[in-house]
Every structure is written in structure tokens, then in C-alpha cells.
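Input: a single structure, listed below in C-alpha cells.
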Amino acid sequence: MFIVQVAIPISTISVFNYKFNLSLPLPNKGCRVLVPFGNRIIIGIVLSHNQNININHKQLKIIKQILDKNSLFTSSLWSLLLWSSKYYHHPIGKILFYVLPVLLRKGKLVKFSPILQWHVTQQGKKFILEKLKNSPKQQRALALLQKKSIYCHQIMQYKLSKYVLQNLKNKLLIQLSPTQPKVEDWHINFHICGIKPKLNLEQSIAVKEINSKLTFIPWLLVGINGSDKTEVYLNVIENILLQGKQILVLVPEINLITQITKIFIKRFNIPIDILHSALNNNKKLDIWLRAKTGKNAIIIGTRSALFTSFNNLGLIIIDEEHDNSYKQSYGWCYHARDLAVLLAKKNNIPIILGTETPSIESLYNIKRGKYYRLDLNKRTGNVKLVNQYLIDLKGQSLTHGISKPLIKYIKKHLTNNNQVMLFLNRRGYSPILICHDCSWIFECLRCNHYYTLHNNKHKLCCHQCNNQQSIPIQCLHCGSTYLLPIGLGTEQLEEAIKKIFPNIPVTRIDKDTTRSKGLLEKQLKIIYTGGARVLIGTQMLAKGHYFPDVTLIALINIDGVFFSSDYRATEKFAQFYIQISRRIGRSGKNGEIILQTHYPDHPLLSTLLQKGYNAFAIEILEERCDVFLPPYSSHVLINSEDYNNQSALNFLNKLRKYIEQYCICSSQLLLIGPKPAIKVKIAGRFRWNLLFQHPSRLYLQQFLSYLIPTIIKYPESKKVKWSINVDPIEN
């Protein structure tokens with residue numbers, strides 16, 4: 001009998017031993033097996049096997065079935081996941097099943113599902129294309145399909161639309177049917193499409209540096225607005241593709257994938273797949289299989305695409321490496337950027353971290369010699385510098401948060417038939433609804449968070465747990481009907497702008513106006529028609545969208561940044577400010593960006609506007625060093641939640657007392673808390689934190705590894721929901 005260690009997808013750090021009959025082939029590490037667990041038969045993943053393990057064989061259950069002949073994971077990915085389980089202190093079973101496509105978690109065999117393919121009917125083969133001369137898009141699509149059939153996932157690659165294909169289908173000229181995908185060798189026909197732009201000197205140096213050292217090197221590619229980092233990506237990718245290797249490109253959010261995919265399709269005639277959470281399970285499995293068998297050349301996706309098993313990975317690109325979306329905020333709290341660097345190291349391949357505003361952690365790694373920096377400071381094309389202005393709000397009369405000087409700026413740009421973007425990172429009509437007579441504020445009881453008034457929906461909405469209720473007629477405390485909205489949201493700002501500029505169209509883009517599929521695209525299409533217009537939106541306007549006719553951007557309220565309890569708040573604001581300033585200046589028009597603030601002399605704000613992001617980041621690094629905050633120390637956060645606001649606190653108090661009384665701790669270990677989380681209550685759960693800080697990341701890892709088995713034994717740990725967040729970016 002062999003003893004096989006199997007990982008089960010449950011919330012425990014333990015793995016489970018099973019017997020295996022030697023008359024059957026031994027399952028490889030990383031294969032799925034069916035095993036008895038309690039009264040159930042469930043799927044597990046083989047971790048290891050050992051013939052001499054010192055346990056009672058009679059107590060062990062026998063593996064029922066082997067589902068895979070070969071490991072589902074590449075050796076480098078397998079090693080990364082095992083390391084990640086120890087580093088983030090998360091159960092290995094949970095991690096291994098998290099990274100697999102859902103259908104594989106459910107036991108589906110590792111094989112391609114039939115996929116849908118467009119092809120011509122007998123009628124379509126004989127159809128004369130000249131009859132479609134009044135429908136050129138249909139004519140082009142039919143001409144293409146008369147030559148060859150096209151899979152559904154290739155529609156974008158051939159610049160076809162579902163609407164056009166559906167019209168041809170209604171005419172019985174083409175049809176959609178399932179078929180087994182053919183094995184395509186993209187290496188044979190690989191070539192560059194169109195004419196490549198000529199690189200400037202800085203771009204050429206960056207491409208030459210990266211291509212000359214195609215082993216593990218983390219390159220931090222820092223490019224200013226308009227310097228065209230993407231062209232550097234494309235030239236390095238070309239070199240990797242010529243070697244027959246695959247590329248992984250990560251972007252922080254789903255809505256950025258389409259834009260970069262179009263650029264890649266325009267340059268390369270290769271199979272490109274996109275991978276993100278919005279795809280259905282069959283599609284995710286097929287893309288995973290295509291990557292594992294080498295049938296796709298490039299995968300573009302969000303953070304979880306990092307865990308794809310590639311056949312021959314040659315390059316990883318992390319676009320907008322500074323973005324906090326790369327950090328998972330619950331469960332397995334991994335950081336995709338950091339794990340991507342480690343994966344590149346295990347594969348001995350280069351990784352490019354692209355950004356205009358490097359994260360403080362990346363700048364620290366540059367300082368320590370771990371990363372290598374390449375700068376692009378020259379703008380390409382007809383990119384104009386943006387003029388920056390501060391409006392001091394002290395003593396100003398405001399109309400729904402808008403000062404008179406800002407109204408003059410808006411009027412000037414609209415008169416010139418240009419567009420204006422007003423940014424306010426607070427959706428809804430008003431963040432507070434208050435009783436004028438007794439000052440009672442309407443609060444979500446599940447979150448201890450003020451309801452946001454949404455006039456358009458006639459609702460009070462909690463933006464933490466999505467709880468909603470109708471707008472009350474009277475105060476629930478004193479019965480008064482005199483209820484007042486306090487504060488400014490995008491709905492109210494839209495209403496105010498329509499009154500100030502009644503003849504100017506206004507478009508509001510936030511989560512509330514883009515919930516339905518296709519609404520965002522419809523609004524963007526209207527904006528791109530040009531003409532005077534005011535755009536109002538939240539942070540989603542700052543990412544991935546380019547507005548050629550916007551010549552003025554105004555940030556309505558930024559003062560909350562200076563009083564945030566989050567020590568990263570100013571860093572996040574600076575990155576956002578630089579990012580939103582990219583939205584203007586590329587079309588050759590002169591642009592302006594305005595900040596309204598009561599603190600125009602704030603030192604960090606002055607540095608950012610007068611000296612730029614690099615000087616700002618240096619000041620932040622020095623400040624972090626002085627107060628011993630990351631990256632000059634390491635943090636681990638233990639979060640505990642309950643429904644009674646007592647058990648979670650008791651659990652963390654007991655943990656702290658145990659550490660202080662029984663653990664031999666480093667004098668440099670700092671414990672902070674237990675203290676309420678920044679978001680004290682969400683969906684009825686009260687949240688408490690205990691923070692560990694130490695200059696050595698290794699010490700914290702070892703200390704937590706020693707501590708966790710003790711935590712698990714506490715009866716209190718069974719009464720609360722608790723989790724560990726290593727290198728947290730939010731408390």
C-alpha cells in the first residue's frame with residue numbers, strides 16, 4: 001500500500017492521508033481523485049505519496065477513483081501555489097481548487113467541449129455577393145465565411161459583429177453549429193499585420209534591453225502620458241512569439257481588456273484569448289485547455305488569469321502594476337503582481353511591470369536593486385501638456401459643490417464646443433438624509449453606515465451591503481416630515497449642471513447608470529459623436545476610456561484624502577490624479593485640469609502638482625521610512641467578524657494575551673489592536689482587526705506559522721469568522 005496525501009477544498013490547513021492499491025497506477029501530484037470524506041465521496045487533489053509514513057494503515061480510507069492521468073498544473077505553477085499557501089497562510093486545498101476552472105472542480109474530464117462555429121449554408125455557398133451591395137458589412141462577412149468557417153471566439157479577430165452575423169443567419173445564408181475545434185499550429189502562419197510604427201530612442205532602448213536578457217528580470221517600465229508603453233509591449237511580445245512561446249498580459253479590470261485586445265489583434269495574426277470572471281464556465285475551461293496545450297499565443301485577463309497552466313510561457317506583462325485591484329480582498333488574499341514576479345522567477349522568464357505611477361513597493365524594490373527601471377519620458381504623436389490649476393474654496397460661495405471660478409472655466413470650454421468632465425467619487429444624490437428637527441440620520445442597521453439617497457430610484461441605499469429601502473415620509477425618531485439631504489453625489493451634481501447650463505447635454509457615468517449590459521457602450525458612443533457636453537462620473541471614468549473632445553477635467557472634492565485613516569490614501573490619490581489627467585491632451589487640443597480644495601498649500605499636493613509623481617513618491621518613501629510603515633516594515637492583519645460585536649473582540653483579545661504571556665517575541669514585533677476595522681460593520685457582521693508589524697517579513701511568516709495551530713484550537717475561533725491578510729492594503 002502507498003499512502004497518498006490529498007488536499008480537500010475545505011477551510012483547514014490539514015491534508016488527508018488515503019491508502020492506494022498498488023495494482024492500479026499511482027496518481028501523479030496535481031491529479032484529481034475521488035475520495036471518501038465523512039459520508040460523502042468528493043474530489044481531492046493529490047499532493048504527495050509516501051510508502052513509509054508512520055501511521056496506522058487500517059484507519060485509512062481507500063482512494064475510489066483517479067480522474068486524471070497527468071497533473072493539471074505545470075511544475076512552476078504547482079510550486080508557486082504550494083509556496084503561496086504557506087506565505088498567505090491559506091489552506092492548500094482551497095487554493096488548488098480556486099485556480100482550477102469550475103467544471104474541473106466539479107469533476108469534468110480534461111477535454112475540449114464542442115464550440116460554436118459560423119459557416120455558410122448550401123444556399124450561402126451559391127449566393128451572389130453583389131446582391132448585398134447595400135449592406136457592405138454583411139457582404140464582407142459572407143465573403144469571408146464563403147472562404148472558411150469561423151469560431152465564435154474569433155469574431156473580434158476578424159472584425160465581425162454578432163448583429164451582422166445574425167442578419168445573415170435570418171436570411172438562411174449562414175448557420176451556427178457546434179463543432180470540435182481543430183488543432184491549430186499558430187507558429188506556422190505567424191506574422192505581423194500592417195505597418196509597425198517606428199520606435200523613438202527611449203522605446204528602442206527599452207525594447208533592446210528587455211530582448212537582450214530573456215531570463216528572469218523584473219522590468220519596471222515607467223512611461224509618462226502619451227509615451228506609448230504599449231508599443232514597447234508589442235515589440236517585446238513579437239520577439240517572444242518568434243520563439244514559439246506564450247504570453248500572459250494582466251490588466252486590473254475587465255473593462256480594460258477590450259481596448260488592449262483590439263490593439264493586439266490589429267498587430268498579430270495569432271489566437272488571442274481573454275479570461276475574466278464574466279465568462280461562462282465552458283468558455284473558461286476551453287481557454288484553460290487551449291493554454292495548457294499551446295493552442296493560444298496570448299491570454300489577456302484580470303488577476304486570476306495568472307493561475308492558467310501554460311504550455312510554454314515566455315513573458316508576463318502586468319499593466320498598471322500599481323493598481324490595487326491586483327490584491328484579492330477576501331479569502332485567499334493574494335497579490336497578483338507579487339505572485340506574477342515569483343512565477344516569472346520560477347519559469348526564468350522576464351516580467352514587465354508597466355505604469356506611469358509606480359507603486360511605492362515597486363520603487364522600494366528599485367532602490368534595493370530587485371527591479372530594473374526603464375523610463376519613457378518622451379511623448380509620441382500629437383500629445384499636449386495639460387495645464388493644472390488649484391481653486392481655493394476658502395470663502396467661496398458654492399453651488400452644489402461648484403465654485404464660481406469653476407463655472408467660468410466650464411463655460412469657456414463649452415463655448416468652444418468642447419467637452420468637460422466633472423469627477424466626484426460619490427454616486428447617488430446625497431450621502432446623508434437627516435431630520436432637520438432632531439438631527440437623526442437614516443442609517444443601515446446591518447452596517448452602521450449612513451444610507452445614501454438615490455432620488456432617481458426613490459430609494460435609500462447602503463453602498464456597503466446593497467440593502468435598500470423606500471425613502472421615508474417622516475423621521476423614524478421624532479415623526480417630523482422635514483427631511484434634508486446633506487452632501488453631494490453624482491445625481492445631485494447632474495441636476496445642478498442641467499440648471500446652470502440648460503442647453504448643454506449632460507451624461508452621467510457611474511455604477512447606477514451602467515448596470516445593464518450595453519448601457520456603458522451606448523453612452524460612450526454618444527460622447528464620441530463630439531460637440532459640447534458635460535460628463536459627470538466616478539472613478540470608473542478614469543480607467544481605460546479616452547475622450548478626444550474633453551479639454552477640461554475638474555475634481556470637485558478631494559479634501560477627504562488629507563484626513564483619511566488609510567496611510568496609503570495620498571498615494572492612491574496621486575496615482576488616480578495622474579491617471580485621470582491622461583484622459584485629455586492626446587487629440588492635439590489644449591487641456592486643463594482643476595482641483596477644488598480648502599488646502600491648496602498642502603505640502604504633498606504642492607509636490608505632486610509642481611514637481612510630478614516621482615518627486616511625490618520619493619517624499620512618501622521618506623515619510624514611510626520615518627514612521628516605519630511598509631515597505632520598511634511588514635504587516636499581517638487578522639480580521640475577526642461576528643453578529644453580536646462581542647465574540648470577535650473576545651477572540652482577538654484572547655489571542656493577544658496568549659502572545660504576550662506565552663510567546664517569546666522579537667522586541668521589534670508590534671501588535672496593534674484589537675481595534676475596529678475601517679468599515680466597522682458590513683451585512684450585519686461587526687469587524688475587528690489585530691495588526692502584526694515587524695521589519696522582517698520572514699519573521700512574521702515563521703511567527704504566524706507557529707501561532708495558527710494554537711488559534712485553531714481556541715473554542716472562540718469556532719464562534720467567529722476570521723481570516724488572515726498578509727501584506728494588507730486596506731484595514
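Projecting the Cα atoms of PRO600, ASN200, LEU445 onto the dipole axis of the chain, where Lys and Arg carry +1 and Asp and Glu carry -1 at the beta carbon, places ASN200 farthest toward the positive end. When the pairs LYS29/LYS64; LYS404/LYS457; LYS137/LYS262 are compared against a 24 Å limit on Cα-Cα distance, LYS404/LYS457 fall above it.
Computed from backbone phi with θ = phi - 60° and the Karplus coefficients 6.51, -1.76 and 1.60, the 3J(HN,Hα) list for the stretch 295-304 is 7, 10, 9, 9, 10, 10, x, 8, 4, 6 Hz; x is used for glycine and proline.
Please work out the C-alpha center-to-center distance from the stretch 82-107 to the stretch 117-138 and express it in whole Å. Each part's Cα centre sits 48 Å from the other's. Partners of LYS384 within straight-line reach, counting lysines whose Cα lies under 22 Å from its Cα and excluding those fewer than 8 residues away in the same chain: LYS198, LYS229, LYS411, LYS412, LYS543, LYS589, LYS611.
Sorted fewest first by neighbouring Cβ atoms within 10 angstrom, TRP83, TRP332 come out as TRP83, TRP332.
Put a plus charge on the Cβ of each Lys and Arg, a minus charge on the Cβ of each Asp and Glu, and nothing anywhere else: the dipole of the stretch 2-105 about its Cα centre is then about 200 debye.
By the count of neighbouring beta-carbon atoms within 10 Å, fewest first, LYS171, LYS511 end up ordered LYS511, LYS171. Most simply put, the chain has about 55% antiparallel DSSP beta bridges, counting only bridges with both residues inside it. Residues whose amide H lies under 5 Å from that of LEU376, counting only those 5 or more places away or on a different chain, are VAL222, GLY223, ILE224; hydrogens are built 1.01 Å from N in the peptide plane. Each Cα pair under 8 Å and six or more residues apart adds its separation to the average, and for the stretch 115-179 the resulting relative contact order is 56 percent. Between the stretch 625-681 and the stretch 380-416, the C-alpha centres lie 45 angstrom from each other.
Along the charge dipole of the chain, which of GLN65, ALA291, GLN175 sits closest to the positive end, that is, farthest toward it, with unit charges on the beta carbon of Lys, Arg, Asp and Glu (+1, +1, -1, -1)? The one lying farthest along the dipole's positive direction is GLN175. Rounded to 0.05, the FRET efficiency of the ILE192 and SER48 pair, given R0 = 51 Å and the Cβ-Cβ distance, is 0.65. Close amide H pairs (under 5 Å, H built 1.01 Å from N) link GLY591 with ASN387, residues at least 5 positions away or on another chain. Quick check: from the Cα gyration tensor, does the stretch 106-209 come out rounded (a/c under 1.5), prolate or oblate? It comes out oblate by the Cα gyration axes. By the gyration tensor of its Cα atoms, with a ≥ b ≥ c the square roots of the eigenvalues, what is the shape of the stretch 201-368: rounded for a/c under 1.5, prolate for a/b over b/c, or oblate? Here the stretch 201-368 falls in the rounded category. Could you list the residues of the stretch 673-687 with an amide nitrogen less than 19 Å from a label point located 7 Å from the Cα of TYR643 in the Cα-to-C-beta direction? Only 680-687 fall inside the zone, counting backbone N under 19 Å. Per-residue 3J(HN,Hα) values for the stretch 308-313, derived from phi via the Karplus relation 6.51 cos²θ - 1.76 cosθ + 1.60 with θ = phi - 60°, read 6, 8, 7, 6, 7, 6 Hz in sequence order (x marks Gly and Pro).
A cut-off of 5 Å between modelled amide H atoms, ignoring neighbours fewer than 5 places along the same chain, links TRP440 with CYS435. Helical content of the chain, expressed as a calculated mean residue ellipticity at 222 nm, amounts to -9500 deg cm²/dmol (DSSP H runs of 4 or more residues, -39,500 (n - 2.57) each, divided by residue number, nearest 500).
Fewest-first ordering of TYR599, TYR326 by other beta carbons within 10 Å of each residue's beta carbon gives TYR599, TYR326. Evaluating 6.51 cos²θ - 1.76 cosθ + 1.60 at θ = phi - 60° for every residue in the stretch 548-565, the Karplus couplings come out as x, 9, 7, 10, 9, 10, 10, 9, 6, 9, 10, 5, x, 4, 6, 10, 6, 7 Hz, glycine and proline recorded as x. In terms of its alpha-carbon gyration tensor, the stretch 443-521 comes out oblate; a/c meets the 1.5 threshold, while b/c is at least as large as a/b. Placing unit charges on the Cβ atoms only, positive for Lys and Arg and negative for Asp and Glu, gives the chain a dipole magnitude near 2900 debye about its Cα centre.
The relative contact order of the chain comes to 11 percent, based on Cα pairs under 8 Å that sit 6 or more residues apart. Which of the lysines could a cross-linker span from LYS679 if the Cα-Cα distance has to be under 24 Å and same-chain partners fewer than 8 positions apart are dropped? Qualifying lysines at Cα under 24 Å: LYS327, LYS459, LYS511, LYS572, LYS654, LYS718, LYS719, LYS721.
No value in this document is a laboratory result; all are computed from the given coordinates. Everything numeric here is computed off the predicted structure, so don't read it as measured data. For neighbour counting, all protein chains shown are included, and Cβ atoms are generated from backbone atoms with ideal geometry for every residue, glycine included.
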